[in-house]
Amino acid sequence: EPWSKQHKREFKSCKFSLSNSFAQPLSMPELINKLKASADGGAELLDLYHNHNLEYVPIGGSLDLRRDIARIIYDDELPAENILITPGGQSAVQTAALAFTSRGVHSIVFTPGYQSTVESPQWAVGNAGVTKLRRRPENDWQVDPDELRGAIRPDTKFLILNEPYNPGGIVMDAALQDEVVCICRERGIVILCDEVYRLLEHDDAVRIPTMANAYERGISAVTMSKPWGGCGITIGWVACRDEDMVQRMVDVAYFGSVCPSRASEIQGRMVLRVSDAILRERRDVILENKALLQDFIENRYSEWFRWRRPNAGAIAFVKFVGPWTSEKLGDHLAEAGISVKPAYCFTDSVEGEVEDYFRVGFGERKMPLALEALGKFVDDHEESWRAVMATNGE
C-alpha cells in the first residue's frame, strides 16, 4: 500500500498545509507573462502551444524538449538523445529501477525516504533482493560510505540515492558524492539519483554535479514539479551518459508510460526558457519561509522541536520531543486542520527515533499562515505536554 495513502485519507480536509514538498506552484498566466517578458518574447513557443497537433510524440519524448534540457540543465555535456522524457518524476524513477533491477540484481537503497526511492527495485520481477540502509539525524541524514561498502554483495548492481534528500532537505557534499561514485565504479554498480530538489539549494555553493554528469553509469531522475513548481505539467526525465543504458530504459517505457503529452512538453519548454526567473522567485520564497521556520524551531518553540537545519529544497524533517509520536501528533494536528507528513509516510518500519519525526514543507507563499496555526496549536497544548512528561519522569 502507498505509505502516503493513510496521510491523504486523514489530512484531506485540512485548512492549513505544511505537507506540500514543491516550490510555489506556477500558474499558466504567470508562465505566459514571464515568457512574454523574456528576451525573445516567447512568440514561437506560444504559437506552438496554440497550434500543435495531437498525434503521438516519439517514445522518449520530442527532440526539441530534449535539446532544451540538454542545453539548459546539462550544459550540453549530454546529448539530447541521452535524455528520456517521462510523464513526471515518479515514472522516471520506476522506469530506471525496472530497467536495471531484474535478472538477479541486488539493490541498495536508503531509508527513511520517498517510497519509490526505497521500494521500486523490489517491484522488478526477478530481483535478488533489496538492502535498506538507514540515514540518521546524528549524521546529518548523510549516506555512510562505510555502511554502503559493508552492504555490497557480488550481485549488487544498483544503488538509489536521493540528493538533495527527501525528507531531510539536506544535500551531500561533492567529496561524499565522489566517494560513493568511486565505491560503485569499482564494482560496476549503476547509481540512480533522484534529483528532484536540485536547483533549489539554499546556497549555490553546496550544489553538486548531476549524477549523469558525475558518473558514466549514473542516472539522474528529475521532475518539473519541485524546483519550478510545475506540478500540473507532469514532465520528468531520466538522463544518462551511457547510450546502451538509455536504450534499456526506452525498452521499459514501451510497456509503461510510452510517451508524454505534447502540450505538457511545450509547457516544459516554456518553463525552461524562463527557468532562471522562476527558480530565483521560488528560492526567495523558500528562504523567507525557512527563516520563519528556523525561528519557530530554534527559538519560539525550541522546547518541543529539533531539526538538522536544511540546506536544499523546500522540506525539513523535524523531531517532536514532546510526549507523542509523530503519528499521534499528526492525528491531533489533523483535528485542528493542520497537515504535516508523519514518519509513516517515509518508511514501512516506523521504529526507534524516526517515529518522532515529521516532514514539513515550506515552499509556498501561504506557508506562514500554516506555521502560525501550528504555533497556536502548540500554545494550546504545551501545558498538558509538560504535565504528561513530568508524570513520566521525562
Worksheet entry | Sole exception among (1) out of contact with any Phe, Trp or Tyr (no Cβ under 7 Å at 6 or more places or on another chain); (2) open to solvent by 40 Å² or more (accessible area, probe 1.4 Å); (3) not acidic (D, E) for C231, by number | (1)
Worksheet item: Which of the residues belonging to the range 46-80 are under 22 Å from E281 (Cα atoms), assigned to a helix (DSSP H, G or I) and open to solvent by less than 20 Å² (accessible area, probe 1.4 Å)?
Response: D68, I69
Worksheet entry | Breaking point among (1) modelled with pLDDT of 95 or more; (2) open to solvent by 10 Å² or more (accessible area, probe 1.4 Å); (3) touching a Pro at 6+ places or on another chain (Cβ under 9 Å); (4) not hydroxyl-bearing (S, T, Y), for M172 | (2)
Discussion item. Report every pair of residues separated by at least 6 positions or lying on different chains whose Cβ atoms are under 8 Å apart, first residue within the range 128-155 and closer than 16 Å to V118 by Cα, second among the polar types (S, T, N, Q) and open to solvent by 30 Å² or more (accessible area, probe 1.4 Å).
Written reply: G129/Q122; V130/Q122; R135/Q142; A151/T131
Practice prompt. Select from the range 119-152 the residues that are open to solvent by less than 30 Å² (accessible area, probe 1.4 Å), part of a helix (DSSP H, G or I) and more than 28 Å from V252 (Cβ to Cβ) and list them in ascending order.
Written response: P137, P145
Fill in: Where a residue in the range 234-262 is under 20 Å from E216 (Cβ atoms) and its partner, wherever it lies, is among the polar types (S, T, N, Q) and open to solvent by 30 Å² or more (accessible area, probe 1.4 Å), with Cβ under 9 Å and at least six apart
A239/N213; R241/N213
Item to complete: Could you identify the single residue in C182, C231 that is more than 19 Å from S62 (Cα to Cα), at pLDDT below 95 and either out of contact with any Asp or Glu (no Cβ under 7 Å at 6 or more places or on another chain) or β-branched (V, I, T) (or both)?
Response: C231
Worksheet item: What residue, of F16, F22, is open to solvent by 30 Å² or more (accessible area, probe 1.4 Å), under 19 Å from the mean Cα position of the chain (by Cα) and not β-branched (V, I, T)?
Response: F22
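Listed here are the residues, each with its yes/no results for (1) touching a Cys at 6+ places or on another chain (Cβ under 8 Å); (2) within 25 Å of W141 (Cβ to Cβ).
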residue	(1), (2)
F317	no, yes
A334	yes, no
A343	no, yes
T347	no, yes
Y357	no, yes
R365	no, no
S384	no, no
A387	no, no
Discussion item. Looking only at residues that are touching a residue at least 12 places away in the same chain (Cβ under 8 Å) and in a helix (DSSP H, G or I) in the range 31-45, which one is surrounded by the fewest Cβ atoms within 10 Å (Cβ to Cβ)?
Written reply: I32
Worksheet item: If only one of T101, T95, T111 is touching a residue at least 40 places away in the same chain (Cβ under 8 Å) and closer than 30 Å to R269 by Cβ, which one is it?
Response: T95
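The values are calculated or read from the model by the stated rules, or taken from the named source; none is laboratory data. As the structure is a prediction and not an experimental result, all values here were calculated from the model. A quick note on method: Cβ atoms are made from the backbone with ideal geometry, for glycine too, and the neighbour counts reach across all protein chains shown. The accessibility values were calculated without ligands, DNA or RNA, using every heavy atom of the protein model including side chains. Shrake-Rupley method; radii C 1.70, N 1.55, O 1.52, S 1.80 Å.
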